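Just so it is clear, none of the values below were taken in a lab; they were calculated from the coordinates. Bear in mind the structure is a predicted one, so any value in this text is a computation, not a measurement. As a convention, Cβ positions derive from the backbone with ideal geometry for all residues, glycine included, and neighbour counts pool all protein chains shown.
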Amino acid sequence: MDHFLYRDGQLFAEDVPVAEIAAQVGTPFYLYSRATLTRHFRLFQEALSGMDHVVCYAMKAASNQALLTILAKEGAGMDVVSGGEYARAKAAGVPGERIVFSGVGKTWEEMRAALEGGIRQFNLESEPEMEVLNQVALSMGVVAPVTIRVNPDVDAKTHAKIATGKSENKFGIPISRAREVYAHAASLKGLKIVGIDMHIGSQLTDLEPFRLAYRKVAELTETLRADGHDITRLDLGGGLGIPYVRSNEAPPLPLDWGQVIREEVGHLGCEVEIEPGRLIAGNSGILVSEVIFVKSGEGRDFLIIDAAMNDLIRPAMYEAHHDIVPLKEPAPGTEEQPYDIVGPVCESGDTFAKQRLMPPLEAGDLVAFRSAGAYGAVMASEYNSRPLIPEVLVDGDQFAVIRPRPSFDEMINRDTIPEWV
Ligand code: LLP
């Protein structure tokens, strides 16, 4: 459920007509609904209610400071994967004790900054990383709280580029080596083991892979405890999928996921941490774009719109589907026709959809990509010298630009020309 609905024949974001925002801000732009964002965050809080838990939003999904501030006020923790994300989380008011630091390639500087600013735990992914964090902590005279990310070798049944829990992936340590690696970590004086971490992939639409992975983690918890390790936290990652094709997809809900967590690890008495990103931000955002031309090709019509792959790369990168709807609600019984929906960037990969059935559209019409709140704005680039598009936030009947569109000069003037050129 989200708050982008047709009302009086046009698409609204909460209580504001999207076309009105488009008229003020210009297209293309990302538009978020505060009510949808908080609703989805709260679903996870409810899913784990009664269990000792922290929801650490995976801010890689959408990291505008306004969105982070809303979630921080809701009591969210954050899962960060870079020094930049750590700085954003702190700037949004998230206390260090609610920030977990994930990622396979944390640098010395990033570790140092997090230890200085406060951190709940580092989710370590390799032994070389463990050695470096140990040295950083010792050099600062502190002890770093850590979990180790285990790779449970479970098939997440998702797109290959976003599956992370198979042994061939770069993430974590093989679960078969966990005892050895935990023993190594325990011998390092700058580290304190607090738990186990895992994350098997993103956009999972089946709970079974989660169940299998959590079962393995539960077994490992018992084994490591028997080895004398103090396992008090389980970070179970994120990855719950969202319905991108609304007409025929109904992935499991956070409540169902929470139930699997209760069943598989509830008896261990651990504090549970989860890192959902997509399900919190995904349906909270749309991408609004204008049709520039309708071009008739051989046997097909192209809708050329003013958004492009640099603004939303998911279709080009993962063959991802986004529902695309006109801002003007089609009259009942309107006959749809197939379009190839493309952007202005100079490569064929700049295709959002092929032969997509849409009501007849013409130049100047506005469309919205649904479910674009996660991995949309954050993955944008300025390819083809197209400045990053604005982000706008709606809350009830008010809206505000939360990242303005840079002018061409602002984009150009970030470059510097050496005197000797
Ligand atoms: N935790 C870790 C360690 C992760 O690597 C990720 C996502 C998450 C949590 C959050 O997963 P989520 O709940 O959002 O599924 N750009 C891709 C998705 C990449 C996901 C990377 N890791 C896309 O557009 O589909």
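A straight Cα-to-Cα reach below 23 Å connects Lys295 with the lysines Lys328, Lys354, residues fewer than 8 places away in its own chain not being considered.
A compact globular protein would have a Cα radius of gyration near 2.2 N^0.38 Å; the ratio found for the stretch 253-389 is 1.32.
One chain, two ends: Glu362 and Asp8. Fully extended at 0.36 nm per residue, the span grows by 125.3 nm beyond their Cα-Cα distance.
Compute log10 of I(q)/I(0) for the stretch 33-280 with the Debye formula, placing one identical point scatterer on every Cα and leaving out solvent, at q = 0.07, 0.10, 0.13 Å⁻¹, to two decimals. Those come out to -0.21, -0.44, -0.76, one per q. Relative to the longest principal axis of the Cα atoms of the chain, helix 34-47 runs at roughly 30 degrees. Taken about its Cα centre, the chain carries a charge dipole of roughly 800 debye when the Cβ of each Lys and Arg holds +1 and the Cβ of each Asp and Glu holds -1.
Tell me, what is the FRET efficiency for Thr69 and Ile417 to the nearest 0.05, using R0 = 30 angstrom and their Cβ-Cβ distance as r?
0.20
Distance between the pseudo-spin-label points of Glu249 and Glu319 (7 Å out from Cα toward the beta carbon): 1.4 nm.
Out of every Cα-Cα pair that the stretch 277-324 contains, those further apart than 16 angstrom amount to 54 percent.
When the Gaussian network model of the chain links Cα atoms closer than 10 Å, the mean-square fluctuations of Ser139, Ser202, Ser289 top out at Ser139.
Of Val81, Val421, how do they rank once you tally other Cβ atoms within 10 Å and put the fewest first? Write out the running numbers ahead of the final one.
On the way: Val81 20, Val421 5.
The fewest-first ordering by Cβ neighbours comes to Val421, Val81.
Between the helical axis of 208-226 and the longest alpha-carbon principal axis of the chain there is an angle of about 20 degrees. The Rg/Rh ratio for the stretch 192-261 is 1.09, where Rg is the radius of gyration of the alpha carbons and Rh is the Kirkwood radius. Quote the FRET efficiency, to the nearest 0.05, computed for Asn384 versus Arg262 with a Förster distance R0 of 51 Å and r equal to the Cβ-Cβ distance. So the FRET efficiency works out to roughly 0.55. List the residues of the stretch 237-268 whose backbone N lies under 20 Å from a point placed 7 Å from the Cα of Lys354 along the Cα-to-Cβ direction. From the stretch 237-268, the list is 245. Computed over the Cα atoms of the chain, the ratio of the radius of gyration to the Kirkwood radius (Rg/Rh) comes to 1.00. The ranking of Phe369, Phe41, Phe293, Phe122 from fewest to most other beta carbons within 10 Å of each one's beta carbon is Phe293, Phe41, Phe369, Phe122.
Charge tally around Gly118: other residues with Cβ under 11 Å, Lys/Arg +1 each, Asp/Glu -1 each, net +1.
Beta-bridge orientation, the chain: approximately 50 percent antiparallel, per DSSP, counting only bridges with both partners inside. Phi angles across the stretch 280-289 convert, under the Karplus curve 6.51 cos²θ - 1.76 cosθ + 1.60 with θ = phi - 60°, into 3J(HN,Hα) values of 7, 9, x, 7, 7, x, 10, 10, 9, 9 Hz, Gly and Pro given as x. Diffusion coefficient (Stokes-Einstein, Kirkwood radius over C-alpha pairs, 37 °C, 0.692 mPa s) for the stretch 7-93: 223 µm²/s, rounded to a whole number. When the helices of the chain are scored as -39500 (n - 2.57) per DSSP H run of n ≥ 4 and the total is divided over every residue, the value at 222 nm lands at -8000 deg cm²/dmol.
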